[in-house]
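First up is the structure itself, then whatever we jot down about it.
The values are calculated or read from the model by the stated rules, or taken from the named source; none is laboratory data. Quick caveat, the model's predicted, so the values are computed rather than measured. Note that we place each Cβ from the backbone using ideal geometry, even for glycine, and neighbour counts take in every protein chain shown.
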Ligand code: R5P
């Protein structure tokens with residue numbers, strides 16, 4: 001077999017599922033943090049010829065979870081790429097469904113760094129051949145890659161799952177005006193005339209505090225609120241509260257990347273969500289929808 005897949009610490013389940021879909025062998029990794037805080041990772045092999053001359057697919061999301069933050073996830077990714085490069089892989093394919101720092105793509109206040117660009121450029125500079133991610137927050141950063149890059153769309157998968165739960169008489173709510181086009185595209189997966197609306201969202205650039213206002217006509221409607229990321233849950237919880245106040249029946253809180261930081265789950269459920277649905281880009285209990293087959297299909301046809 002000329003292809004092999006390496007499962008990074010952040011994507012143990014998704015990585016194995018992708019390997020199974022592709023019918024290829026999978027290697028695991030071993031990681032620890034040194035006493036001084038430095039990240040350590042090694043690919044779990046004794047014989048480097050398992051990698052030499054092969055096409056290597058590395059699957060590693062870079063979102064925070066119980067066993068690591070996004071900085072260590074990124075370093076693990078960088079180190080895995082460097083290791084397979086040194087060993088002599090013939091092709092290096094990276095699958096990083098959640099790309100850390102993608103929200104820091106613009107300057108909001110003087111003195112900031114648009115660090116998303118640095119992360120993307122650095123990954124590219126390591127000499128990879130292909131880079132796959134999912135619903136990246138700032139797709140423009142992918143132009144910084146000289147290799148093949150693909151931003152996979154998870155909307156159909158999420159919509160199919162919501163339909164399977166029996167959602168009916170739907171309205172799709174966009175978390176903010178900037179995401180309305182994405183929400184319109186998402187709504188099309190439910191049918192031709194699904195209404196899309198949004199509340200008025202403002203974020204204080206100094207404190208990060210969110211305020212949202214407005215009333216929509218949602219009486220007896222099932223409401224799907226779809227975002228690319230749930231982080232602290234503040235945006236989602238506020239949109240849910242306003243949807244409930246506007247008469248919504250069931251509320252589906254949906255995100256490609258449900259990071260669920262701190263009290264996010266509590267906030268979203270308390271606000272009135274009936275379901276919280278994410279993908280396995282983040283390996284947690286919200287991962288109701290697997291990206292494995294879709295990602296594997298892209299890898300098969302590359
Ligand atoms: C912002 O532009 C993103 O699309 C999400 O709306 C945001 O990251 C959600 O963050 P939080 O859950 O902390 O409100």
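Summary of values
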| quantity | calculated |
| --- | --- |
| Contacts under 7 angstrom Cβ, first residue in the range 113-140 being without any contact (Cβ under 8 Å) to a residue 60 or more places away in the chain and under 21 Å from residue 153 (Cβ atoms), partner part of a helix (DSSP H, G or I) and within 15 Å of the ligand (Cβ to nearest atom), 6 or more apart | 116/141; 120/141; 138/116 |
| Enumeration of residues in the range 161-218 that are in contact (Cβ under 8 Å) with a residue 40 or more places away in the chain, outside any loop (DSSP other than H, G, I, E, B) and out of contact with any strand residue (DSSP E or B) (no Cβ under 6 Å at 6 or more places or on another chain) | 179, 182 |
| Residue count, the range 242-270 (criterion: within 13 Å of the ligand (Cβ to nearest atom), closer than 20 Å to residue 179 by Cα and assigned to a helix (DSSP H, G or I)) | 1 |
| Flag for residue 238 being within 11 Å of the ligand (Cβ to nearest atom) and either surrounded by 14 or more Cβ atoms within 10 Å (Cβ to Cβ) or closer than 22 Å to residue 160 by Cα (or both) | yes |
| Cross-chain or 6+ apart pairs with Cβ under 6 Å, the range 234-245 first and free of Cβ contacts under 8 Å to residues at least 40 places away in the same chain and closer than 10 Å to residue 214 by Cα, then within 14 Å of the ligand (Cβ to nearest atom) and not in a helix (DSSP H, G or I) | none |
| Residue in the range 278-286 that is over 22 Å from residue 9 (Cβ atoms) and at pLDDT 95 or above present | no |
| Criterion: away from the ligand (no atom under 16 Å from the Cβ) and more than 23 Å from residue 267 (Cα to Cα) - qualifying residue of 194, 180 | 194 |
| Residue check for residue 44: in contact with a strand residue (DSSP E or B) (Cβ under 7 Å, 6 or more places away or on another chain) and loosely packed, with under 14 Cβ neighbours inside 10 Å | yes |
| Single condition residue 278 does not satisfy, out of (1) assigned to a strand (DSSP E or B); (2) touching a helix residue (DSSP H, G or I) at 6+ places or on another chain (Cβ under 8 Å) | (2) |
| Verdict on residue 49 being loosely packed, with under 13 Cβ neighbours inside 10 Å and farther than 19 Å from residue 299 by Cβ | yes |
